[in-house]
Amino acid sequence: MVANEVNAQAARGRRELYIIVGMLVLVMVGATALYKAAEHGVLDLPSLFGTNNNGVLISPPQRIDALDLRYADGSPFDFERDDSRWTLLVPVPPSCNEQCQNNLYITRQARTALGRDMNRVSRLIVTAGAPETSLAELINREHNGVPVLRVSETAFDRVFGDLQRPIQPLADNLILLVDPRGWMMMYYTPEHDGYDILDDMKLLLKYSPKQAEGTGS
């Protein structure tokens, strides 16, 4: 009798374990499938589940390597090798007008305001052509350490011109948000301020795994 009860309890325990493991597997498979669908633009998860982001979602997200970013010496920028954190990408014209300078300022302030999490976020300055003297001096003085990358004049149009909602990051003074996998997935317009960026970054960092922390600006 006792042996039968023990065997029955053991059987129930095994069934419960199988159910738990099965549920975990289903959750993992489902999450992976949803991510892959969103990654390839098949499914718009933010629209499906709702979102509290301040920035404007890029649909579908675009790979940063599609811009073919390069350093001043012509060597290619490899996002996966050189960064892999959340990144605020600031496109700037060589002359950098007032709005351009403001974009550089608010991204710096938003990143600094993250406190101990600031090193989980980096910034990139992207310019179509060699920066003019005034811009180079501004970067050296107020944004020292931020990588300055080059992009062809047609790169932004090539990557963003055929979206469901085409955008012109350089001409419209947009700030692009890049996730740790290298997907440009959101942008900010001149109507957004540093607090909008800061709020989004806090939310994203809260729900994303920590990457290897760097020291970029």
Exercise for review: Look at Ala128 and say whether it is modelled with pLDDT under 95, surrounded by fewer than 20 Cβ atoms within 10 Å (Cβ to Cβ), in contact with a helix residue (DSSP H, G or I) (Cβ under 8 Å, 6 or more places away or on another chain) and small (Gly, Ala, Ser).
Suggested key: yes
Review point. Just wondering, is there one or more residues in region 133-145 that are modelled with pLDDT under 95 and closer than 22 Å to Lys210 by Cβ?
Key: yes
**Study point:** For Arg123: the one exception among (1) among the charged types (D, E, K, R); (2) outside any strand (DSSP E or B); (3) in contact (Cβ under 8 Å) with a residue 60 or more places away in the chain
**Key:** (2)
**Study point:** Residue among Arg108, Arg123 that alone is in the same structural domain as Ala72 (by TED's automatic domain parsing), within 22 Å of Asp68 (Cβ to Cβ) and crowded, with 18+ Cβ neighbours inside 10 Å
**Key:** Arg123
Check your understanding: Just to be sure, is Glu142 within 23 Å of Ser75 (Cα to Cα) and more than 20 Å from the chain's Cα centre (by Cα)?
Key -> no
Study note, to complete from the structure: Residue count, region 79-91, condition under 14 Å from Val148 (Cα atoms) and at pLDDT 90 or above, comes to 5
Check your understanding: Would a scan of region 185-194 turn up a residue that is aliphatic (A, V, I, L, M) and either under 15 Å from the mean Cα position of the chain (by Cα) or farther than 18 Å from Pro93 by Cα (or both)?
Key -> yes
Point to revise | Meets criteria (more than 22 Å from Pro76 (Cα to Cα) and in the same structural domain as Phe79 (by TED's automatic domain parsing)) for Arg165 | key: yes
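Collect the residues in region 98-115 that are part of a helix (DSSP H, G or I) and touching a helix residue (DSSP H, G or I) at 6+ places or on another chain (Cβ under 9 Å), keeping them in residue-number order.
Result: Cys100, Gln101, Leu104, Tyr105, Ile106, Thr107, Arg108, Gln109, Ala110, Arg111, Thr112.
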**Study point:** Leading residue by the ranking (farthest from the chain's Cα centre (by Cα)) among those in region 65-97 that are among the aliphatic types (A, V, I, L, M) and part of a strand (DSSP E or B)
**Key:** Val92
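The values are calculated or read from the model by the stated rules, or taken from the named source; none is laboratory data. Note that this is a predicted model, so its numbers are computed, not measured. Neighbour counts run over all protein chains shown; Cβ positions are idealised from the backbone, glycine included.
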